Amino acid sequence: DAMVIQNPRYQVTQFGKPVTLSCSQTLNHNVMYWYQQKSSQAPKLLFHYYDKDFNNEADTPDNFQSRRPNTSFCFLDIRSPGLGDAAMYLCATSISRGNQPQHFGDGTRLSIL
Amino acid sequence: AQKVTQAQTEISVVEKEDVTLDCVYETRDTTYYLFWYKQPPSGELVFLIRRNSFDEQNEISGRYSWNFQKSTSSFNFTITASQVVDSAVYFCALSEGLTNYGQNFVFGPGTRLSVLP
């Protein structure tokens with residue numbers, strides 16, 4: 001049974017049109033992460049939530065925002081997608097930060113027209 | 001700054017061969033954690049193993065084994081008697097735990113393993 005669920009699996013949006021990707025978890029983990037992964041590259045951490053505490057990576061563009069309304073759900077909002085934002089977006093969870101394994105969803109592949 | 005190097009970009013082997021994936025890391029911390037993840041073509045990253053910096057014991061899990069050597073800052077992964085289902089991209093990752101800004105968890109560039117029938 002999937003424990004980290006990402007919807008949709010594939011998302012197509014237009015250049016400049018806001019888009020939201022969603023992630024839910026059944027693990028009751030405290031931490032939720034969003035990664036961006038471009039073709040043939042390693043995942044790159046965008047930000048994470050430790051409970052309700054939001055932690056942004058220093059080089060994450062302002063165009064990317066996130067919301068975590070409750071323990072189970074976390075959203076990635078891209079305010080004005082550019083062509084360079086086309087990528088796989090991976091959501092992950094862990095019990096706590098730092099040394100705990102992260103559990104990943106299947107990802108959402110975002111295409112920009 | 002922490003860094004993870006996986007020098008092998010792609011490896012191809014024939015089924016039943018053994019294969020070793022290399023991982024070399026850099027960190028200034030004395031306490032850190034190393035991970036291996038598998039990413040099959042379906043896209044989901046699957047956790048394989050975690051090792052902390054104070055535990056240099058090698059580990060074996062079925063056909064998988066890991067060799068952690070602090071002296072060479074390496075955490076290599078060996079698959080014995082490889083199978084077609086082992087074909088995936090394998091990522092080594094390093095975590096120094098919390099920093100003052102964000103989560104310090106870095107992936108290496110990955111090694112794409114193709115196991116041919």
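Can you say whether residue B:52 is more than 10 Å from chain A (Cβ to nearest Cβ) and surrounded by 13 or more Cβ atoms within 10 Å (Cβ to Cβ), as far as the supplied structure shows?
For residue B:52, the condition - more than 10 Å from chain A (Cβ to nearest Cβ) and surrounded by 13 or more Cβ atoms within 10 Å (Cβ to Cβ) - is not met.
So, of the residues in the stretch B:67-102 that are touching a Phe, Trp or Tyr at 6+ places or on another chain (Cβ under 7 Å) and within 14 Å of chain A (Cβ to nearest Cβ), which turns out to be modelled with the lowest pLDDT?
For the stretch B:67-102, the residue satisfying everything is B:96.
Filter the stretch B:45-66 down to residues that are modelled with pLDDT under 90 and either assigned to a loop (DSSP other than H, G, I, E, B) or of a type in the set (Ser, Thr, Tyr) (or both), then give me how many there are.
7
Identify the residue in the stretch B:20-47 that is surrounded by fewer than 18 Cβ atoms within 10 Å (Cβ to Cβ) and among the aliphatic types (A, V, I, L, M) and, among all such residues, is nearest to the other protein chains (Cβ to nearest Cβ).
B:46
Restricting to the stretch B:67-84, count the residues that are in contact (Cβ under 8 Å) with a residue 24 or more places away in the chain, more than 13 Å from the chain's Cα centre (by Cα) and not in a loop (DSSP other than H, G, I, E, B).
Going through the stretch B:67-84 one residue at a time, the tally reaches 2.
Of everything in the stretch A:72-104, what is over 14 Å from residue A:48 (Cβ atoms) and within 10 Å of the chain's Cα centre (by Cα)? Give them in sequence order.
Hits for the stretch A:72-104 are A:77, A:88.
Please enumerate the residues belonging to the stretch B:1-42 that are assigned to a strand (DSSP E or B), within 21 Å of residue B:73 (Cβ to Cβ) and basic (Lys, Arg).
Correct list: B:3 only.
The values are calculated or read from the model by the stated rules, or taken from the named source; none is laboratory data. This structure is a prediction, so every number in the text was calculated from the model and none was measured. Every residue, glycine as well, gets a Cβ built from its backbone with ideal geometry; the counts of neighbours run over all protein chains shown.
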